[in-house]
Amino acid sequence: MPESRTPGRRPALLLSCSVALLALTACSSGEERPPAPPTGVTAQSSSATTVHVMWKRVKAAKDGEAVQAYEVLQAGKKVKEVDADRTMVDIVGLKPSADYVFTVRTRDAVGNYSAPSRKVAVTTLAAPAEDGQPPTRPGRLRGKTNGSRAADLRWTASTDDQRVVSYDIYQGDAKSHTVDGAETRAVLTGLRPGTGYVFTVRARDAADNLSPASAPLRLTTARGGGGGAEPEDFQVSVRKDPKDKAYYLNLSWTPPRSDGLVAEYQVYLDEVFVTTLAGGDDARGGRARHTVNLGTEEGKTYDVRIRPRRPDGTWGAFSMERTVTTGS
């Protein structure tokens, strides 16, 4: 006699399995969503044996987990790890006049890793001759806060019997930034609103000799807001490169007048965001300039505009819209 079955038992079993499967998926899906990789990664040789790596802070991972740490990789191998509140580190013990490639990845609180950031290549400085003489102390450190999250520092250059290769900027006792030895200015971002800071600067030569610290500079960031009107006198033109046959969009503008330094802009073509420009406020002659590759298609029309990021991190107003056509 065939085995009897109670009506409805099989669907109930399938339903319970489905519920279990959904529960398992729900439990595991969050842990499979890694954080984003760091952006804005740079690497600068600050001596014959040291490279300074910097990046932008990553917010919480896609699954809501907090960022716990950043790992710096050299040729895919981890060489340094720092806590989530740091966005820069020195890689030491390198070889002089050697080529290196670095990436940075994010780790969240449950151990998920981001993909590596874009690769940045750097060559360490040449080994100096025997040198035990440090550079002189940087002079006349001065500056101002730019809105609630940035500061602009300037100082008088140090001298050295060989060459000053970099300047290290300190917030209190911690190094926070490095610039090339030819520079006597640093723009510091990522500061906290309404917070007091004490900055000093030290010069470094190729033998890693450090100068005495400059006189301290005390600044307090604004409590909020950022100011920053739209970029002024925004102009565009198109040129064709005879070598690659591509059309290039030439942009120029006067940086907006505000209480803070604008060092980042977004470019929109036909209402679509296409790229971010960094460093536009380091303009000479009062105007900033940039070029965007439009490809090789002729007779294509674009509506172009840009907008600045205010010192407090929010986006400012758009520039006037300009229209160009390739090949016209």
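Observations, loosely collected:
Here's the yes/no breakdown for (1) acidic (Asp, Glu); (2) surrounded by fewer than 21 Cβ atoms within 10 Å (Cβ to Cβ); (3) in contact (Cβ under 8 Å) with a residue 60 or more places away in the chain; (4) in contact with a strand residue (DSSP E or B) (Cβ under 8 Å, 6 or more places away or on another chain):
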position	(1), (2), (3), (4)
PRO134	no, yes, yes, yes
ASP168	yes, no, yes, yes
GLN171	no, yes, no, yes
ARG185	no, yes, no, yes
ARG192	no, yes, no, no
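- Across the stretch 299-320, the qualifying residues are those that are among the polar types (S, T, N, Q) and assigned to a loop (DSSP other than H, G, I, E, B), and the one among them that is modelled with the lowest pLDDT is THR314.
- Within the stretch 137-166, the set of residues being in contact with a strand residue (DSSP E or B) (Cβ under 9 Å, 6 or more places away or on another chain), assigned to a loop (DSSP other than H, G, I, E, B) and either of a type outside the set (Val, Ile, Thr) or crowded, with 16+ Cβ neighbours inside 10 Å (or both) comprises ARG137, PRO138, ARG149, ALA157, SER158, ASP160, ASP161, GLN162, ARG163.
- Where ARG57 falls short, out of the listed (1) surrounded by 17 or more Cβ atoms within 10 Å (Cβ to Cβ); (2) closer than 15 Å to GLY40 by Cβ; (3) modelled with pLDDT under 85: (1)
- In the stretch 189-211, the residues that are assigned to a strand (DSSP E or B) and modelled with pLDDT under 85: THR189
- Yes/no for SER176 being of a type outside the set (Asp, Glu) and within 29 Å of ARG310 (Cβ to Cβ): yes
- Every condition in (1) of a type in the set (Ser, Thr, Tyr); (2) modelled with pLDDT of 85 or more; (3) touching a Lys or Arg at 6+ places or on another chain (Cβ under 9 Å) is met by THR276 except one, and the failing one is (2).
- Given (1) outside any strand (DSSP E or B); (2) modelled with pLDDT of 90 or more; (3) farther than 30 Å from THR159 by Cβ; (4) of a type in the set (Gly, Ala, Ser), index of the condition GLY227 fails: (2)
- Residue check, ARG185 over 30 Å from PRO256 (Cα atoms) and in the same structural domain as ASP208 (by TED's automatic domain parsing): no
- Among the residues of the stretch 146-182, those that are among the hydroxyl-bearing types (Ser, Thr, Tyr) and modelled with pLDDT of 90 or more comprise THR156, SER158, THR159, SER166, TYR167, TYR170.
The values are calculated or read from the model by the stated rules, or taken from the named source; none is laboratory data. All figures in this text were calculated on a predicted structure; none of them were measured in a lab. Here Cβ is always computed from backbone atoms with ideal geometry, including for glycine, and neighbour counts include all displayed protein chains.
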